[in-house]
Amino acid sequence: MTAVAVGVFGFAASLTAFAAPWGCDHCLPGYYACRTNTPDAQPSCLEQFWQCEQDGGCPISLPPDF
């Protein structure tokens, strides 16, 4: 039973290691695309940017051009 628990833990750890391979700047292209394609959607684009950062385990920040 211990071997199964260790195996499951190892598998979960390996998935976590590959969950966010981009670093914390991978949300910027989506933010810029949102701003370009959605007129006057600044609050929702910013909220989507923050959600992306939060989902990736990154600290919440402001985009460079904000």
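Couple of notes before you dig in:
- Taking helices (runs of 4 or more DSSP H) as the structural unit, those lying wholly within the chain and holding at least 2 residues that are among the small types (Gly, Ala, Ser) and either surrounded by 12 or more Cβ atoms within 10 Å (Cβ to Cβ) or modelled with pLDDT of 90 or more (or both) correspond to 28-37.
- Selection of region 46-66 for residues being of a type in the set (S, T, N, Q) and farther than 14 Å from Arg35 by Cα yields Gln51, Gln54, Ser61.
The values are calculated or read from the model by the stated rules, or taken from the named source; none is laboratory data. What you see is a predicted model; the values in this text were computed from it and never measured. Ideal geometry is used to build each Cβ from the backbone, glycine not excepted, and the neighbour counts take in all protein chains shown.
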